[in-house]
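Take this structure first; my questions come after.
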Amino acid sequence: MILSDVEILDAMSKGEIIVEPFDRSCLGTNSYDVHLGKYLACYRDDILDAKKHNEIDHFEIGEEGFVLEPNRLYLGVTKEYTETHAHVPFLEGKSSVGRLGIDIHATAGKGDVGFCNTWTLEISVSQKVRIYAGMPIGQLIYFEVRGDIENYYNRKQNAKYNDKTLRPVESMMWKNKF
């Protein structure tokens, strides 16, 4: 079951969902709109290696915006810091963003119960497009969880994305054993 706006607000009043900064006007019928933070990042190397720490370079989006290029992966970040303690959050792109040819995630649209951080976005575009810090970029949808939870994300010893950040975070695949 997807939470309605009333249920999202109720979960927020109980501390089960936290969104900072929170703006009531961003609350939709069954979602919450999130915005593009001011930082982007790109990988330094053209060839990425899943067993290696692939380093990224961060840069700030200026007032004039930034033009994204096709065939390039950009890591972005939400302006909003979120916590989800009793629901499964899903991040989806807004239809207006999709209609500009912008994808905000390749595979990582689902969060885990216990995820407490900003969201790193895996941004790609089908043609050149100028983006701006603070623009609406996606929407969070919250699903009800049935049953007890034993393994909250923020308590897992092997969780790779628990460090609070205002900047995009590169892949930590290299920390896995394979």
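Of Val77, Val67, which residue is among the β-branched types (Val, Ile, Thr), more than 16 Å from Val129 (Cβ to Cβ), modelled with pLDDT of 95 or more and part of a strand (DSSP E or B)?
Numbers: Val67 fails: more than 16 Å from Val129 (Cβ to Cβ).
After ruling out the rest, the residue left standing is Val77.
Sticking with this one: From the set of residues in the stretch 139-177 that are part of a loop (DSSP other than H, G, I, E, B) and aliphatic (A, V, I, L, M), which is nearest to His105 (Cα to Cα)?
Narrowing the stretch 139-177 to residues part of a loop (DSSP other than H, G, I, E, B): 145-152, 156-172, 176-177.
Of the ones still in play, those that are also aliphatic (A, V, I, L, M) are 145, 149, 159, 166, 169, 172.
Values: Val145: 23, Ile149: 26, Ala159: 20, Leu166: 18, Val169: 13, Met172: 16 Å.
If we take residues in the stretch 139-177 being part of a loop (DSSP other than H, G, I, E, B) and aliphatic (A, V, I, L, M), then Val169 is nearest to His105 (Cα to Cα).
Just to verify a result, which residue in the stretch 91-116, among those that are part of a strand (DSSP E or B) and in contact with a Ser or Thr (Cβ under 9 Å, 6 or more places away or on another chain), is farthest from Glu150 (Cα to Cα)? Can you show your working first?
Looking only at the stretch 91-116, we keep the residues that are part of a strand (DSSP E or B), and these are 91-93, 102-103, 110, 116.
Among the residues that remain, those that are also in contact with a Ser or Thr (Cβ under 9 Å, 6 or more places away or on another chain) are: 91-92, 102-103, 116.
On the way: Leu91: 23, Glu92: 26, Ile102: 36, Asp103: 33, Cys116: 17 Å.
The extreme case among them is Ile102.
Another one. If we keep just the residues of the stretch 155-169 that are surrounded by fewer than 17 Cβ atoms within 10 Å (Cβ to Cβ) and either in contact (Cβ under 8 Å) with a residue 60 or more places away in the chain or among the aromatic types (Phe, Trp, Tyr) (or both), which is farthest from Lys94 (Cα to Cα)?
Lys164
Looking at Gly93, Gly76, Gly65, which one is surrounded by 13 or more Cβ atoms within 10 Å (Cβ to Cβ), at positive phi and of a type outside the set (A, V, I, L, M)? It would help to see each step written out before you state the result.
On the way: Gly93 fails: at positive phi; Gly76 fails: at positive phi.
When all the criteria are applied, what remains is Gly65.
For the structure I just gave you, tell me whether Gly109 is small (Gly, Ala, Ser), closer than 26 Å to Lys160 by Cα, surrounded by fewer than 21 Cβ atoms within 10 Å (Cβ to Cβ) and touching a His at 6+ places or on another chain (Cβ under 7 Å).
Working: small (Gly, Ala, Ser): yes; closer than 26 Å to Lys160 by Cα: yes; surrounded by fewer than 21 Cβ atoms within 10 Å (Cβ to Cβ): yes; touching a His at 6+ places or on another chain (Cβ under 7 Å): no.
No: the conditions fail for Gly109.
Another question, then. Looking only at the stretch 3-21, count how many residues are under 19 Å from the mean Cα position of the chain (by Cα) and loosely packed, with under 15 Cβ neighbours inside 10 Å.
Of the residues in the stretch 3-21, 2 are under 19 Å from the mean Cα position of the chain (by Cα) and loosely packed, with under 15 Cβ neighbours inside 10 Å.
Still on this structure, I have one more. May I ask you to say which residue of Asp33, Asp23, Asp5, Asp49 is modelled with pLDDT of 95 or more and within 17 Å of Glu170 (Cα to Cα)?
Testing whether each residue is modelled with pLDDT of 95 or more and within 17 Å of Glu170 (Cα to Cα) leaves just Asp49.
The values are calculated or read from the model by the stated rules, or taken from the named source; none is laboratory data. No experiment lies behind these values; they were computed from the predicted model shown. For neighbour counting, all protein chains shown are included, and Cβ atoms are generated from backbone atoms with ideal geometry for every residue, glycine included.
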